[in-house]
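Some notes on the structure that comes next.
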Amino acid sequence: MTQVERQRWDVVVVGAGGAGLRAATEAREQGARTAVICKSLFGKAHTVMAEGGIAAAMGNANEHDGWEVHFRDTMRGGKFLNQWRMAELHAQEAPDRVWELETWGALFDRTADGRISQRNFGGHEYPRLAHVGDRTGLELIRTLQQKIVALQQEDFRESGDYEAGLKVFQECTVTRIVKDAAGRVAGVFCYERESGRFFVIEASAVVIATGGIGKSFKVTSNSWEYTGDGHALALLAGAPLLNMEFVQFHPTGMVWPPSVKGILVTESVRGDGGVLRNSEGKRFMFDYIPDVFKEKYAESEAEGDRWYDDPENNRRPPELLPRDEVARAINAEVKAGRGSPHGGVFLDVSTRMPAEVIRRRLPSMYHQFKELADVDITAEAMEVGPTCHYVMGGIAVDSDSAAARGVPGLYAAGEVAGGMHGSNRLGGNSLSDLLVFGRRAGLHAAQYAAGLGERPVLDEVQVDAAAAEALRPFSAEGPTPGEAEEGRPPENPYTLHQELQQAMNDLVGIIRREPEMEQALKKLADLRVRARRAGVEGHRQFNPGWHLALDLRNMLLVSECIARAALERTESRGGHTREDWPEMDRQWRHANLLCRLADPTGGLAATDPVRGQIRLEREETEPIRPDLLALFEKEELVKYLSEEELGS
Amino acid sequence: MSSYEAGFRVWRGDIEGGGLEDFKVEVNDGEVVLDIIHRLQATQAPDLAVRWNCKAGKCGSCSAEINGRPRLLCMTRMSVFSREETITVTPLRAFPVIRDLVTDVGFNYTKAREVPAFVPPRELGPGEYRMTQADVDRSQEFRKCIECFLCQDTCHVVRDHEENKAAFAGPRFLMRIAELDMHPLDAAEAEGLDRGTTAQDEHGLGYCNITKCCTEVCPEGIRITDNALIPLKERAADRKYDPLVWLGNTIRRRGR
Ligand SMILES: Cc1cc2nc3c(=O)[nH]c(=O)nc-3n(C[C@H](O)[C@H](O)[C@H](O)COP(=O)(O)OP(=O)(O)OC[C@H]3O[C@@H](n4cnc5c(N)ncnc54)[C@H](O)[C@@H]3O)c2cc1C
Ligand code: SF4
Ligand code: SF4
Ligand code: FES
């Protein structure tokens with residue numbers, strides 16, 4: 001038995017972004033002793049980077065808005081593949097979650113009558129995004145962080161200990177979920193970045209809130225944390241992932257200079273009036289309005305321009321189509337030779353708004369371009385192109401309770417959970433998702449933990465295996481006896497990571513083709529073998545090479561899920577575009593693809609590209625509830641739903 | 001695209017001690033110091049410890065000192081240095097080092113906990129808050145803070161005076177008190193908490209002699225001294241008896 005430090009908590013939340021922190025406050029308020037674990041410092045999670053806003057149908061800017069409208073927009077954005085019950089709960093509860101933040105000290109931008117201001121965003125029928133300039137994520141994370149501190153101050157007043165009921169373990173990484181003999185969650189295995197020390201937290205319920213997977217792609221808006229850890233943790237614990245083929249490429253990332261390629265340019269630039277032009281100066285988006293959206297978008301520049309001031313009598317400009325549409329259009333323009341000098345297109349606000357308005361409404365964008373690219377966005381156009389941004393796929397969960405399927409005690413919320421956004425997420429719907437389902441996950445995890453009579457007992461074999469696995473990179477130096485690769489020097493984890501990113505970017509990127517995805521699976525099989533030999537220098541104390549070597553396991557698992565599911569889904573929908581299957585197929589509307597570990601008992605050595613580590617399973621989605629279907633016009637539904645679905 | 005080889009001098013070591021290590025490393029157009037540190041990791045020093053997240057100046061993780069000046073590694077462009085210059089990167093000086101460029105910033109989290117939280121007004125429920133933009137502008141400026149702790153690192157009250165740390169919250173958290181004090185709906189006073197006075201009595205506002213060094217290093221351009229600390233001092237003490245406030249106001253007026 002490995003001698004590692006152990007602690008006991010009721011609920012463990014893995015991740016301190018919006019979802020994790022909201023789950024933690026809820027669990028603690030339900031009376032559960034709650035531990036939060038995160039890879040970075042407290043307050044630095046990815047959520048801090050969110051810019052544009054948080055979607056909630058409060059109706060402050062347009063009184064016609066309401067949850068039904070928000071629900072419709074979300075389903076349309078996701079091309080009706082959304083787990084509809086999640087979309088419903090999300091639309092209904094988002095306003096309460098935003099208002100609640102105000103009572104915890106958040107300060108959103110205001111309307112003239114003192115309410116929370118709401119801005120336009122792609123795919124949202126009305127101005128719906130509560131925001132703070134273009135630093136909304138910072139406001140969200142800081143407010144939740146300060147709420148955690150407020151709860152800790154309460155505990156301090158009562159017990160003299162700030163951390164009696166709620167503790168944040170910052171700069172710690174979870175590498176395995178540990179279960180009991182009956183297969184229930186029993187705790188997590190972690191290492192501390194600072195010291196490299198291992199520890200185990202025993203807990204009856206675990207909420208995974210680890211965010212996304214972007215670091216498997218070369219061009220991405222995501223930070224180093226996005227190595228798909230939570231996705232992998234769930235898979236390894238026996239829970240399936242849902243619809244992993246859907247990856248959102250945000251249309252506007254920076255393209256120059258190379259070192260900042262991929263960094264996000266917020267959609268608010270377009271929401272506030274920015275336009276896209278090609279090298280010929282043409283607003284090309286008018287040529288890319290797909291049939292399903294024809295009635296909803298402006299036909300001429302003049303109409304689009306009038307919409308900003310008179311939305312009742314005009315339709316919105318096509319720059320505000322859902323992200324998948326805009327990203328594909330940019331890709332097509334560049335491919336046709338009408339791109340900007342550095343391989344993007346032009347995004348211009350300088351000719352659309354006075355300089356001081358730009359600086360006030362888009363301060364961080366102004367700052368970002370000035371500092372990083374020497375571009376003054378009040379005077380010239382930005383160059384932008386698609387960047388890997390968000391994963392719609394994720395852990396398959398129960399809509400109401402956020403419980404992961406098949407593993408009692410496991411919950412998931414935030415970007416790591418699947419279903420809510422269907423095949424494509426609307427801007428602003430993530431931050432609201434974090435709060436709505438973060439709260440639900442915290443609530444149900446706490447109730448589950450309280451309802452268990454006895455604490456599950458950790459399976460010690462799993463603890464030992466986790467420790468051995470985590471130490472492996474330090475002993476990769478020597479030859480591995482009996483293996484074909486015997487005697488080769490250890491692999492550099494940084495090189496492996498770069499090769500993986502390149503392969504995913506080139507072969508399973510924004511536009512996909514069958515032979516390329518097959519090639520990707522071969523490459524992944526090769527990388528899998530080499531990753532087993534990833535070796536590191538130095539010691540366990542704050543060693544980034546070691547951390548990366550461990551993250552590779554997760555990135556390889558998640559990448560394989562994406563590639564395999566993408567190969568299987570022979571249609572184009574939302575964040576999954578097949579050049580060889582360019583149409584949306586109504587028969588695929590009611591199909592979910594689930595990824596499971598091929599060999600849940602064995603190791604991860606499988607090198608056969610055909611079989612690999614992941615097994616796919618196709619399932620029928622649950623039919624959409626009739627009263628929700630009734631919110632749409634029949635003419636619209638026929639574009640998405642099959643005959644059988646419409647008939648019922 | 002032009003690239004060149006730059007001389008870098010990076011502090012390596014841990015609590016036990018350490019020193020500057022020299023590197024020669026490739027630099028390309030448009031890169032920032034953090035890119036170079038990453039290149040060192042990928043090619044020459046895989047275990048070089050550094051904190052970073054967003055690489056876009058939004059998270060405040062990558063704080064360090066470049067040529068002795070507290071800065072964000074991800075927002076310092078290589079083009080601000082000459083090609084001949086050797087660039088020295090060291091960890092934040094005011095905090096204990098953990099390893100290489102990573103320091104123990106726990107001091108800041110301790111101080112954050114000592115500032116009493118926002119007090120919601122009893123009479124208003126969720127959704128009933130009404131505030132004008134003009135009323136929230138002041139506090140919003142302070143909420144732009146990305147908690148990079150560069151101001152905490154540079155402030156002379158603690159930079160070379162470990163002994164002051166217990167009594168002094170530092171500019172970031174004095175500013176947090178100002179933020180709550182200026183929040184239009186904070187009900188602290190109704191609950192018997194005078195934030196201005198506690199800033200002085202419990203969080204060490206008196207140590208600040210408005211040198212404005214904090215304002216100078218803030219990557220968010222927050223006017224910490226002028227907009228937060230001086231008004232807080234005004235609230236805390238009767239202005240007539242605080243010569244520093246008088247001095248600060250005079251400087252402020254001349255600066256305009
Ligand atoms: C640049 C940018 C701008 C965006 N703008 C918007 C916007 O305007 N509106 C919107 O709705 N959405 C936006 N998004 C999307 C949104 O920000 C994210 O989807 C969301 O913040 C994810 O939150 P989360 O709580 O799921 O995870 P995160 O905030 O990413 O938090 C994940 C947490 O998990 C921890 N973690 C991960 N792995 C482990 C592990 N193995 N062990 C321990 N801890 C771990 C991390 O340390 C971190 O604390 C944006 C995204 C980006 C990149
Ligand atoms: S103005 Fe005050 S807080 Fe800021 S650096 Fe000077 S002494 Fe420190
Ligand atoms: S006030 Fe400025 S310098 Fe200080 S922590 Fe905040 S952002 Fe950093
Ligand atoms: S990495 Fe986020 S501020 Fe530098």
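Coordinate-derived values only; no laboratory data. This is a predicted model, so every value here is computed, not measured. Ideal geometry is used to build each Cβ from the backbone, glycine not excepted, and the neighbour counts take in all protein chains shown.
Here are some notes:
- The 3J(HN,Hα) values that the Karplus relation (6.51, -1.76, 1.60; θ = phi - 60°) gives for segment A:39-53 are, in residue order, 6, 9, 5, 4, x, 10, 4, 3, 3, 4, 7, 4, 10, x, x Hz. Gly and Pro appear as x.
- Neighbouring Cβ atoms from other chains, within 10 Å of the Cβ of residues in A:147-153, number 4 on average.
- Chain B shape via C-alpha gyration tensor axes, a/c threshold 1.5: prolate
- Summing +1 for each Lys or Arg and -1 for each Asp or Glu among the other residues whose beta-carbon sits under 9 angstrom from that of B:ARG9 gives -2.
- With a Förster radius of 35 Å applied to the beta-carbon distance between B:THR197 and A:SER195, the computed FRET efficiency rounds to 0.30.
- Inter-chain neighbour count for B:58-66: the average number of beta-carbon atoms from partner chains within 10 Å of each residue's beta-carbon is 4.
- Residue-wise HN-Hα coupling along segment A:54-63, computed from phi with Karplus coefficients 6.51, -1.76, 1.60 (Hz; x: Gly, Pro): 10, 7, 7, 7, 7, x, 6, 9, 9, 5
- Remark: spin-label model distance B:GLU162-A:GLU537 equals 3.2 nm, labels positioned 7 Å along the Cα→Cβ axis.
- Around the amide H of B:THR76, modelled in the peptide plane, lie the amide H atoms of B:VAL33, B:LEU34, all under 5 Å away and 5 or more residues distant in sequence or on another chain.
- Residue-normalised convex hull volume from the C-alpha trace of chain A: 156 Å³ per residue.
- Long-range HN-HN contacts of A:PHE169 with modeled amide H, under 5 Å: A:VAL36, A:ILE37, A:CYS38
- Taking amide H atoms as placed 1.01 Å from N in the peptide plane, the amide H of A:ARG176 lies under 5 Å from those of A:PHE189, each 5 or more residues away in sequence or on another chain.
- Counting DSSP beta bridges with both ends in the protein assembly as shown, the antiparallel % (nearest 5): 70
- In this simple spin-label approximation, B:ALA187 and A:GLU295 carry label points 7 Å from Cα along the Cα→Cβ vector, and these lie 4.8 nm apart.
- Treating r as the C-beta distance of A:ASP599 and A:SER642 and R0 as 30 Å, the FRET efficiency rounds to 0.30.
- Diffusion constant of segment B:161-239 at 37 °C, which comes from Stokes-Einstein with the Kirkwood Cα-pair radius and 0.692 mPa s, µm²/s: 254
- Peptides A:418-428, A:587-597 ranked from most to least packed by the mean count of surrounding Cβ atoms within 10 Å: A:418-428, A:587-597.
- Straight-line reach from A:LYS522: taking Cα to Cα under 19 Å and skipping same-chain neighbours fewer than 8 places apart, the lysines in range are A:LYS218.
- Here the spin labels are modelled as points 7 Å beyond Cα on the Cα-Cβ line, and at A:GLU380 and B:GLU21 they lie 3.9 nm apart.
- Cα point-scatterer Debye curve for segment B:3-102, base-10 log of I(q)/I(0) at q = 0.19, 0.25 Å⁻¹: -0.89, -1.60
- Using only Cα coordinates, the Kirkwood hydrodynamic radius of segment B:75-198 works out to 17.3 Å.
- Averaged over residues, the count of other Cβ atoms within 10 Å places the peptides A:393-402, B:181-190, A:290-299 in the sequence A:393-402, B:181-190, A:290-299, highest first.
- Separation between Cα centres of segment A:34-107 and segment A:387-442, rounded to whole Å: 12
- The mean number of partner chain beta-carbon atoms within 10 angstrom of a residue's beta-carbon across peptide A:97-110 is 6.
- Computed across segment A:307-466, the Kirkwood radius stands at 20.1 Å (inverse of mean 1/r, all Cα pairs).
- Here is the size of segment A:251-387 from its Cα atoms: Rg then Dmax, 14.3, 44 Å.
- When each of A:LYS370/B:LYS233; A:LYS147/A:LYS296; A:LYS39/B:LYS144; A:LYS335/A:LYS634 is checked by Cα-Cα distance, pairs over 30 Å: A:LYS370/B:LYS233; A:LYS147/A:LYS296; A:LYS335/A:LYS634
- Highest-first arrangement of A:117-127, B:160-170, A:101-111, where packing means the average Cβ count within 10 Å: A:117-127, A:101-111, B:160-170
- Whole-angstrom gap from segment A:113-145 to segment B:41-98, using each part's C-alpha centre: 32
- Computed on segment A:24-87, with alpha-carbon pairs under 8 angstrom and 6+ residues apart, the relative contact order is 15 percent.
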